[in-house]
Amino acid sequence: MTDATAYRAAHELPGWYAIFAPVTPASRWLAGPPGRVPDTATLAAFVAEQEDYLAGGIVLRTFESFGAGDRRAAEARVWWLDGEPVLVGAHPDTPEDYPLPVLNRVAACVAQLGARFVTTDLALREDGVWRVVEVGDGQVSDLPAGFEPESIIGPLLAAPAR
């Protein structure tokens with residue numbers, strides 16, 4: 001359903017950032033080939049924190065305050081199929097919280113991205129604005145606790161081939 005080019009565009013920040021820039025924190029990156037560590041003299045502490053998880057370069061994002069007061073922000077994960085939301089649930093990292101995000105601004109970005117099966121992780125910023133934290137390829141995104149795989153497999157099987 002997703003070729004390698006579409007996968008990278010949907011799953012790696014440099015591929016989706018320009019489209020989602022109005023709804024996500026400002027970001028900059030230092031590109032690099034997968035598995036190659038950037039100049040450690042320049043970024044030694046940051047690279048050390050990544051351990052074996054460094055893939056495709058370094059990304060830095062503007063800090064935005066999510067949540068309210070001392071309460072950690074809950075994230076929502078939305079699965080999109082052909083530009084339409086087919087499942088909204090709690091993010092696997094915050095399964096006890098189930099926020100219901102406003103999707104109109106994000107839907108326009110998902111449609112422009114053009115990938116058939118993607119996820120968006122959203123968090124409510126302190127000022128009440130929903131922000132995209134991450135975009136991902138739907139094939140590799142975890143389901144929230146309490147959802148059966150059929151809730152996403154059913155729409156996938158019913159989707160016409162392209």
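Does ALA115 satisfy the condition of being in contact with a Leu (Cβ under 8 Å, 6 or more places away or on another chain), within 19 Å of THR24 (Cβ to Cβ) and in a loop (DSSP other than H, G, I, E, B)?
no
So how many residues does the stretch 86-107 have that are touching a residue at least 24 places away in the same chain (Cβ under 8 Å) and either touching a Pro at 6+ places or on another chain (Cβ under 9 Å) or within 26 Å of ASP3 (Cβ to Cβ) (or both)?
12
Out of the stretch 1-57, which residues are within 13 Å of the chain's Cα centre (by Cα) and either of a type outside the set (A, V, I, L, M) or at pLDDT below 70 (or both)?
Across the stretch 1-57, the qualifying residues are TYR7, ARG8, HIS11, GLU12, PRO14, GLY15, TRP16, TYR17, PHE20, THR24, PRO25.
Name the residues in the stretch 117-162 that are among the polar types (S, T, N, Q) and surrounded by fewer than 19 Cβ atoms within 10 Å (Cβ to Cβ), would you?
GLN139, SER151
Does PHE66 meet the test of being open to solvent by less than 80 Å² (accessible area, probe 1.4 Å), in contact with a strand residue (DSSP E or B) (Cβ under 9 Å, 6 or more places away or on another chain) and at pLDDT 90 or above? Please lay out each step first, then the result.
Values: open to solvent by less than 80 Å² (accessible area, probe 1.4 Å): yes; in contact with a strand residue (DSSP E or B) (Cβ under 9 Å, 6 or more places away or on another chain): yes; at pLDDT 90 or above: no.
Spelling it out, it is not the case that PHE66 is open to solvent by less than 80 Å² (accessible area, probe 1.4 Å), in contact with a strand residue (DSSP E or B) (Cβ under 9 Å, 6 or more places away or on another chain) and at pLDDT 90 or above.
Could you tell me whether the stretch 97-106 includes any residue that is open to solvent by 60 Å² or more (accessible area, probe 1.4 Å) and in a helix (DSSP H, G or I)?
Checking the stretch 97-106: at least one residue is open to solvent by 60 Å² or more (accessible area, probe 1.4 Å) and in a helix (DSSP H, G or I).
Starting from the stretch 108-125, keep only residues that are basic (Lys, Arg), then list their pairs with residues that are part of a strand (DSSP E or B) whose Cβ atoms are within a distance under 6 Å, requiring at least 6 positions of separation or different chains.
Listed by first residue and then by second, the contacts come to ARG125/PHE66; ARG125/ARG131.
The values are calculated or read from the model by the stated rules, or taken from the named source; none is laboratory data. In this text, all values refer to a predicted model and were calculated from it rather than measured experimentally. Cβ coordinates were reconstructed from backbone atoms using ideal geometry, including for glycine residues, and neighbour counts include every protein chain displayed. Keep in mind that these areas ignore ligands, DNA and RNA; they rest on the heavy atoms of the full protein, side chains included. Shrake-Rupley method; radii C 1.70, N 1.55, O 1.52, S 1.80 Å.
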